[in-house]
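As structure tokens, the structure follows; a few thoughts come after it.
The values are calculated or read from the model by the stated rules, or taken from the named source; none is laboratory data. Every value quoted in this text rests on a predicted model; they were computed, and no experiment measured them. Positions of Cβ are backbone-derived with ideal geometry, glycine not excepted, and every protein chain shown enters the neighbour counts. The area values use the complete protein model at the heavy-atom level, side chains included, leaving out ligands, DNA and RNA. Shrake-Rupley method; radii C 1.70, N 1.55, O 1.52, S 1.80 Å.
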Amino acid sequence: MDILQHIQFAAAISSFKLLDGYGSTNYKVTLTNNETYLVKIYKAEEKKLVQEQERIINLLQPKVRIHLPRTLPIAITADAPTDVFIRVSIFTEGTGLTKEDVTDSLLAEIAGAAADMLTHLLHIESD
């Protein structure tokens with residue numbers, strides 16, 4: 001929670017929940033104004049990789065049919081720890097996939113979305 005105090009949200013934090021994740025520490029943060037955010041905390045050395053992911057998302061978002069998380073321009077206090085990189089986006093409700101959820105139809109949908117993104121990335125890189 002201490003790291004969350006360095007994020008300058010528009011309202012006070014009313015609740016937060018640590019979420020499962022990989023590669024980052026993730027929190028669902030709800031504010032007193034009922035806005036809900038996803039806060040992802042990375043090791044500082046991952047900053048360039050995360051910024052490249054953000055660049056790709058920004059290029060793809062208007063071109064693909066799936067929702068991609070966009071980083072919000074929320075200020076971080078000057079006294080925040082320097083050994084981490086913080087990324088904030090709007091929280092999207094959902095559940096993780098389980099083995100039982102995977103169907104041929106779902107796999108086809110995921111493959112189609114991945115192919116769509118790759119096609120657009122190849123087009124962008126060739127421009």
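Computed values, structure above
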| quantity | calculated |
| --- | --- |
| Residue list for region 31-61, restricted to those being free of Cβ contacts under 8 Å to residues at least 40 places away in the same chain, among the aliphatic types (A, V, I, L, M) and closer than 27 Å to His120 by Cα | Leu49, Val50, Ile57 |
| Flag for Lys28 being without any contact (Cβ under 8 Å) to a residue 40 or more places away in the chain and touching a Phe, Trp or Tyr at 6+ places or on another chain (Cβ under 6 Å) | no |
| Selected residue (only one of Asp104, Asp83 is of a type in the set (D, E, K, R) and more than 28 Å from Ile41 (Cα to Cα)) | Asp104 |
| Residue match in region 35-49 (condition: under 16 Å from Phe9 (Cα atoms), of a type in the set (D, E, K, R) and touching a Leu at 6+ places or on another chain (Cβ under 9 Å)) | no |
| Counted residues, region 5-23 - those being in contact (Cβ under 8 Å) with a residue 60 or more places away in the chain and open to solvent by less than 60 Å² (accessible area, probe 1.4 Å) | 3 |
| Candidate set from region 101-113 (those that are among the β-branched types (Val, Ile, Thr) and surrounded by 10 or more Cβ atoms within 10 Å (Cβ to Cβ)); member that is nearest to Gln8 (Cα to Cα) | Ile110 |
| Qualifying positions in region 1-23 - part of a loop (DSSP other than H, G, I, E, B), within 18 Å of the chain's Cα centre (by Cα) and either within 15 Å of Phe91 (Cβ to Cβ) or not hydroxyl-bearing (Ser, Thr, Tyr) (or both) | Gln8, Phe9, Asp20, Gly21, Gly23 |
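Residues checked against (1) within 15 Å of the chain's Cα centre (by Cα); (2) among the basic types (Lys, Arg):
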| site | (1), (2) |
| --- | --- |
| Thr25 | yes, no |
| Thr30 | no, no |
| Leu38 | yes, no |
| Glu45 | no, no |
| Val50 | yes, no |
| Arg55 | yes, yes |
| Lys63 | no, yes |
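Results for (1) open to solvent by less than 90 Å² (accessible area, probe 1.4 Å); (2) in contact with a helix residue (DSSP H, G or I) (Cβ under 8 Å, 6 or more places away or on another chain); (3) within 24 Å of Arg55 (Cα to Cα), shown as yes or no for each residue.
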position: Asp83; (1), (2), (3): no, yes, yes
position: Phe91; (1), (2), (3): yes, no, yes
position: Lys99; (1), (2), (3): no, no, no
position: His120; (1), (2), (3): yes, yes, yes
